[in-house]
Amino acid sequence: MKKYVFANWKANKTLAEVNYWLDNFPNSEEDQQKLAKFEIVLAPPYPLLALAKTIIERRHLSIKLAVQDLSPFGKGSYTGEVAAANLADLNIEYAILGHSERRRFLAESPQLIADKVQQALAYQIQPVLCLDQAYFQEQASFLQQATLQKLLLAYEPLAAIGSGQAESPQQLAAIKQTLQKTYGLVPIIYGGSVNDANVADFLKLCDGVLVGGASLKLIDFIDLLFAASQFDY
Ligand code: PGA
């Protein structure tokens with residue numbers, strides 16, 4: 001199975017910067033072969049999705065698109081929300097949900113996040129549920145058993161996010177087992193200070209990585225991908 005490599009841009013980038021990043025993303029035949037072992041998924045801010053889709057199609061890039069959030073409601077009178085229905089025709093395959101920054105800065109609750117998961121599933125968008133050790137049990141109790149099996153989990157220890165202090169692979173191996181006891185044998189990706197030097201260690205242990213800071217500059221992200229591509233998993 002391909003390893004997931006998510007690029008989570010968070011609230012960064014402008015139209016011009018998206019043009020630069022995607023116009024220069026490697027896509028020679030040789031590059032494509034190297035990158036074929038990865039499911040590369042880009043999560044730009046909402047206003048940049050349409051442009052990203054256009055460039056990805058024009059350049060025939062093997063990059064999928066994700067949203068960084070989703071409304072817990074359907075379409076309708078919910079000012080400021082972006083509903084799954086609004087995303088039709090944008091080729092959105094994944095939704096990153098319950099990121100710790102949203103739980104922390106926007107007070108997202110486990111119930112709200114569970115509602116977002118349902119919306120994603122109703123529109124055939126794969127939910128990528130972000131979890132930390134502190135609340136993964138509680139979050140699971142807000143989801144039905146049938147829903148748990150449809151998730152892609154992103155284990156993101158709070159202390160590792162944006163700190164330069166990634167979790168140790170040993171810790172990750174232990175938490176992976178614990179997570180799977182609660183959520184079942186679903187794919188698990190790791191996020192938190194992933195870079196070109198440590199990416200292969202994490203890919204050997206789990207199903208992929210969620211990259212924040214090291215996905216912002218194209219050169220850093222390419223270094224990470226090519227470093228990862230030197231191994232078989
Ligand atoms: P980071 O962010 O790679 O900058 O640590 C990861 C994340 O928050 O998803």
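Overview of values
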read-out: Contact order relative to length of region 79-139, as percent, for alpha carbon pairs under 8 angstrom and 6 or more apart; value: 43
read-out: Relative contact order for the chain, counting Cα pairs under 8 Å that sit 6 or more residues apart, in percent; value: 20
read-out: Diffusion coefficient, µm² s⁻¹, Stokes-Einstein with Kirkwood Rh over alpha-carbon pairs of region 1-88 at 20 °C and 1.002 mPa s; value: 150
read-out: Neighbour-limited loop hits for trypsin sites (Lys or Arg not before Pro), region 174-233 (at most 16 other Cβ within 10 Å; DSSP other than H, G, I, E, B); value: LYS217
read-out: Length-normalised contact order of region 9-117 in % [C-alpha pairs under 8 Å, at least 6 apart]; value: 24
read-out: In Hz, Karplus ³J(HN,Hα) per residue of region 13-29 (6.51, -1.76, 1.60; θ = phi - 60°; x = Gly, Pro); value: 5, 10, 3, 4, 6, 5, 3, 4, 4, 7, 5, 9, 5, x, 8, 5, 4
read-out: Residues with amide H under 5 Å from that of ALA95, placed H, sequence gap 5 or more; value: VAL67, GLN126, VAL128
read-out: Per-q log10 I(q)/I(0), region 145-233, q = 0.14, 0.16, 0.25 Å⁻¹ (Debye; single scatterer per alpha-carbon; no solvent); value: -0.49, -0.63, -1.25
read-out: Cα extents of region 87-172 along the three principal axes, largest first (Å); value: 38, 29, 27
read-out: Local net charge near TYR135, Cβ-Cβ under 13 Å (Lys/Arg +1, Asp/Glu -1); value: -1
read-out: Highest-fluctuation residue, GLU17, GLU81, GLU30 considered, GNM on the chain with Cα pairs under 10 Å; value: GLU30
read-out: All lysines inside 16 Å of LYS53 as judged from Cα atoms, apart from same-chain residues fewer than 8 positions distant; value: LYS13, LYS64
read-out: Kirkwood-based shape ratio for the chain, expressed as Rg/Rh from alpha carbons; value: 0.94
read-out: Helix-derived mean residue ellipticity, 222 nm - over the chain, DSSP H n ≥ 4, -39500 (n - 2.57), to 500; value: -10500 deg cm²/dmol
read-out: Size of charge dipole - the chain - debye, nearest 20, with Cβ of Lys, Arg +1 and Asp, Glu -1, no other charges; value: 340
read-out: All lysines inside 21 Å of LYS75 as judged from Cα atoms, apart from same-chain residues fewer than 8 positions distant; value: LYS116
read-out: Efficiency of FRET from Cβ geometry, TYR78 and TYR135, R₀ 25 Å, rounded to 0.05; value: 0.45
read-out: Estimated FRET transfer efficiency (ASN195, PHE226; beta-carbon r; R0 22 Å; 0.05); value: 0.95
read-out: Local electrostatic count, ALA84, Cβ distance below 14 Å [Lys/Arg +1, Asp/Glu -1]; value: -3
read-out: Other-chain or far-sequence residues with amide H under 5 Å of LEU42's (modelled H); value: ALA7, LYS64, LEU65, ALA66
read-out: Region 193-233 residues near the modelled ARG58 label - backbone nitrogen below 20 Å, point 7 Å along Cα→Cβ; value: 218-219
read-out: Percent of Cα pairs exceeding the 21 Å cut-off, where the set is region 40-111; value: 31
read-out: Debye, to nearest 20: dipole size of region 101-213, +1 on Lys, Arg Cβ, -1 on Asp, Glu Cβ; value: 220
read-out: Accessible area per residue in Å² at 1.4 Å probe, computed on region 114-233; value: 44
read-out: Percent carbon-and-sulfur accessible area, region 135-194, ignoring ligands, DNA and RNA, probe 1.4 Å; value: 52
read-out: GNM top mover of SER77, SER28, SER109 - the chain, alpha-carbon springs below 10 Å; value: SER77
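The values are calculated or read from the model by the stated rules, or taken from the named source; none is laboratory data. If you're wondering where the values come from, they're calculated on a predicted model, not measured in any experiment. Note that we place each Cβ from the backbone using ideal geometry, even for glycine, and neighbour counts take in every protein chain shown. Remember, those area values only see protein heavy atoms, side chains included, never the ligands or the DNA or RNA. Shrake-Rupley method; radii C 1.70, N 1.55, O 1.52, S 1.80 Å.
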